[in-house]
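What follows is a set of notes on a single structure, which appears directly below.
Where a number appears in this text, it was derived from the coordinates with a stated rule and is not lab data. Just so we're clear, the structure is a prediction, and the values are computed from it rather than from any experiment. When we count neighbours, we look across all protein chains shown, and the Cβ atoms used for this are built from the backbone with ideal geometry, even at glycine.
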Amino acid sequence: MQPQPVALLMSNVETIPGKTIVNSLGLVSGSTVRAKHLGKDIFAGLKNLVGGELKAYTELLNESRNEALQRMMMEAHQRGANGIVNVRFATSSVAAGASELFVYGTAVVVE
Amino acid sequence: MNEGVVFVVFYIVIPVVTGLAVPMTSWLLGRWYQNGLFKALEVTEAAQGKGFGDAQLVSYQKKQETIAAEYTTLLMANIVVGPSWGQMFLMWVKSLFGGALPSYASVLDYGRREAIQRLKVQAKERGCTSIVNMRVETSVITTAKGNDSKSSSVEFLAYGTGCR
């Protein structure tokens, strides 16, 4: 089941510029672990002949990060927040060929 | 005499030449290709300003009262870059002696600058006039070492808060 996308105000500064925080609802987070596709990895390896951008990976990571972001937004939405401040991204290689994309922030109610 | 020449050619010259041919070709091709990428990047930078040294792009958090914005959004842009086989070979050679790796540094420099340019494109698309608290994250995605992976790549993620 595809969760309905929710639109929240987000920023990575301590406030939502131009708005006032009226209530803080605590930390929210979202994460996703993605493994590389063997075929894509082989093609990326061939692209290493000349180096430069590996587009397949750029897209894969962008998609996964959006998914993590979406999970965080769902969590904030369930708590009744309408904004998330101080959003941070963290990426780490957890196993050979797999990366965890983690995003966290503070859910707030703004006016 | 003749046997000695044959020995040298077959057991030393041919293996060394074939062994070096792939990294050398890759290094030359990679240099040509990456120079092209740099030229394209410089054109974009000339058009929309360099990432570093831009007043519209700051990495500090402005205090609440000083930000007067009618619209705020989280912006993020990423790029995955990898070195060429020739550069990997040079890295391996250099790792025997240690020291700076200028050819690999240029790959990372390209990735970082390109990620910032992409962030700026996003900001423009959403009508933002400034980006506050910009951060650049670096993470290793795959390493072509020990057969874990076939490719070698590093990801750069640039993110920040776009304001209008």
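Mind listing the phi-derived Karplus ³J(HN,Hα) values for region A:97-108, rounded to whole Hz, using 6.51, -1.76 and 1.60 with θ = phi - 60°, and x for any glycine or proline?
For region A:97-108, the Karplus curve yields x, 10, 10, 9, 10, 10, 9, 9, x, 10, 7, 9 Hz.
Helix-only mean residue ellipticity at 222 nm, chain A, DSSP H runs n ≥ 4 weighted -39,500 (n - 2.57), per residue, nearest 500. What is it? Don't skip to the answer; put the middle values down first.
On the way: 2 runs with 34 residues, N = 111.
It comes out at -10500 deg cm²/dmol, rounded to the nearest 500.
Which whole-number percent gives the relative contact order of chain B, counting Cα pairs below 8 Å spaced six or more residues apart?
Normalised by residue count, the contact order of chain B is 30 percent.
Scan chain B and note any complete DSSP helix (H) whose C-alpha atoms cover at least 30 Å along its axis and whose Kyte-Doolittle average is -1.0 or more.
Helices passing the filter in chain B: B:14-48, B:102-125.
Where a ≥ b ≥ c are the square roots of the eigenvalues of the C-alpha gyration tensor, would you call chain B rounded, which needs a/c under 1.5, or, failing that, prolate if a/b is larger than b/c, or oblate? List each step's numbers first, then the result.
Details: a/c = 3.86, a/b = 3.07, b/c = 1.26.
Prolate shape, in that a/c is at least 1.5 and a/b is the bigger ratio.
What size of dipole, in debye to the nearest 20, comes out for region B:2-163 about its Cα centre when the only charges are +1 on Lys and Arg C-beta atoms and -1 on Asp and Glu C-beta atoms?
180 debye
Quick one: among B:I79, B:I116, B:I14, which has the greatest mean-square fluctuation in a GNM of chain B with alpha-carbon springs under 10 angstrom?
Highest fluctuation of the listed residues: B:I14.
In debye, nearest 20, what is the charge dipole magnitude of chain A about its Cα centre with +1 on Lys and Arg Cβ and -1 on Asp and Glu Cβ, if you could check?
So the magnitude is around 140 debye.
For Cα pairs less than 8 Å apart in space and 6+ apart in sequence, what is the mean separation divided by the residue count of region A:1-107, i.e. the relative contact order in percent? If you can, show how the numbers build up before the last one.
On the way: 155 pairs, mean separation 48.0, N = 107.
Once normalised by length, the contact order is 45 percent.
Just how large is the dipole of the protein assembly as shown about the Cα centre, in debye to the nearest 20, putting +1 at every Lys and Arg Cβ and -1 at every Asp and Glu Cβ? Don't skip to the answer; put the middle values down first.
Values: 26 positive and 21 negative charges, 34 e Å.
For the protein assembly as shown, the charge dipole is close to 160 debye.
Calculate how steeply helix A:55-78 sits against the longest principal axis of the alpha-carbon atoms of chain A, using the helix alpha-carbon long axis, and give the answer as 0 to 90 degrees to the nearest 10.
The answer is roughly 20 degrees.
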